[in-house]
């Protein structure tokens, strides 16, 4: 009897302990309603690890790469055409406005009401050099013009129009770094500046056109455009993207 009573007591103690342990493992949803098992939402899945992109293969065979790109120079020309129409033309036009509006061109004479009209690229030349791992690109944009007024004391404000060409010179450099193709240089030149008065008073005081034909106009605009880092970065990015798609010999 004593042995039987001891066994029953032991079984009862084990059952009580197991129940208490199970009860303690149950989540109290009243206290933690946001727990996954209470809300019925599945447990969040672990995020997959990103696959690292391999670094581009460095270009070591410069002569072969240069010749390959020169044979596909039409791709560079088309890319630059697109950038000029969609981005570069607007940037250059704003730079011209910023340079001319309010500019003092003589005693009591300031430029105002500038309207810029830039044309499309008509000449595109892609040639090797100057270094063995470089390509030169020359772009010519002729027949650009700006119409504007000049404020004068005690006289009607005369109207003028200045005509000129824009020449853009790019140098693409190919090396064995992590950025194998980049624009090493972007230089803008303004040439063939010519000014005309568009009414009688404008023609009479046309002498102030020395500002435009004497070099001050060209130097100011060239400085503004050449210092535009965004234009260089935009051109470099799209040209690099276009060339990167080609199977360039490395």
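The values are calculated or read from the model by the stated rules, or taken from the named source; none is laboratory data. Small disclaimer: the values here were computed from a predicted structure and weren't measured. FYI the Cβ positions are ideal-geometry reconstructions off the backbone, even for glycines, and counts take in every protein chain you see.
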Is there any pair with a first residue in the stretch 125-145 that is more than 24 Å from residue 93 (Cβ to Cβ) and a second that is at pLDDT below 90 and not in a strand (DSSP E or B) whose Cβ atoms are under 6 Å apart and which are 6 or more apart or on different chains, and what are they?
126/73; 126/76; 128/66; 132/62; 133/62; 136/129
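Has the stretch 44-66 got any residue that is in a helix (DSSP H, G or I), exposed (fewer than 13 other Cβ atoms within 10 Å of the Cβ) and modelled with pLDDT of 60 or more? Even if it seems obvious, please write down each step before you answer.
We begin by selecting, within the stretch 44-66, every residue in a helix (DSSP H, G or I); these are 62-66.
Adding the requirement that they be exposed (fewer than 13 other Cβ atoms within 10 Å of the Cβ) leaves 63.
After this cut, where a residue has to be modelled with pLDDT of 60 or more as well, the list is 63.
Looking through the stretch 44-66, at least one residue is in a helix (DSSP H, G or I), exposed (fewer than 13 other Cβ atoms within 10 Å of the Cβ) and modelled with pLDDT of 60 or more.
With at pLDDT below 70 and closer than 22 Å to residue 115 by Cα as the only criterion, which of 231, 200 stands out? Give the derivation first.
On the way: 231 fails: at pLDDT below 70.
Going through 231, 200 in turn, the sole match is 200.
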Determine whether residue 103 is within 26 Å of the chain's Cα centre (by Cα) and either modelled with pLDDT of 90 or more or surrounded by 16 or more Cβ atoms within 10 Å (Cβ to Cβ) (or both).
no
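Filter the stretch 162-176 down to residues that are part of a strand (DSSP E or B) and farther than 19 Å from residue 146 by Cα and give me whichever is farthest from the chain's Cα centre (by Cα). Walk me through how you get there before you give the answer.
Within the stretch 162-176, the first condition is being part of a strand (DSSP E or B), and the residues that meet it are 162-174.
Among the residues that remain, those that are also farther than 19 Å from residue 146 by Cα are: 169-174.
On the way: 169: 18, 170: 16, 171: 17, 172: 16, 173: 18, 174: 20 Å.
If we take residues in the stretch 162-176 being part of a strand (DSSP E or B) and farther than 19 Å from residue 146 by Cα, then 174 is farthest from the chain's Cα centre (by Cα).
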Name the single residue, out of those in the stretch 79-100 being free of Cβ contacts under 8 Å to residues at least 40 places away in the same chain and surrounded by fewer than 17 Cβ atoms within 10 Å (Cβ to Cβ), that is nearest to residue 237 (Cα to Cα).
86
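Restricting the stretch 125-135 to residues that are in a strand (DSSP E or B) and surrounded by fewer than 16 Cβ atoms within 10 Å (Cβ to Cβ), which is nearest to the chain's Cα centre (by Cα)? Even if it seems obvious, please write down each step before you answer.
Going residue by residue through the stretch 125-135, those that are in a strand (DSSP E or B) are 125-128, 134-135.
Adding the requirement that they be surrounded by fewer than 16 Cβ atoms within 10 Å (Cβ to Cβ) leaves 125, 127-128.
Details: 125: 23, 127: 25, 128: 25 Å.
Top of the filtered list is 125.
So, residue 120, is that one touching a helix residue (DSSP H, G or I) at 6+ places or on another chain (Cβ under 9 Å), loosely packed, with under 12 Cβ neighbours inside 10 Å and not in a strand (DSSP E or B) or not?
Numbers: touching a helix residue (DSSP H, G or I) at 6+ places or on another chain (Cβ under 9 Å): yes; loosely packed, with under 12 Cβ neighbours inside 10 Å: yes; not in a strand (DSSP E or B): yes.
It is true that residue 120 is touching a helix residue (DSSP H, G or I) at 6+ places or on another chain (Cβ under 9 Å), loosely packed, with under 12 Cβ neighbours inside 10 Å and not in a strand (DSSP E or B).
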Note on the stretch 221-231: residues assigned to a helix (DSSP H, G or I), out of contact with any strand residue (DSSP E or B) (no Cβ under 6 Å at 6 or more places or on another chain), surrounded by fewer than 18 Cβ atoms within 10 Å (Cβ to Cβ) and touching a residue at least 12 places away in the same chain (Cβ under 8 Å) are 224, 230
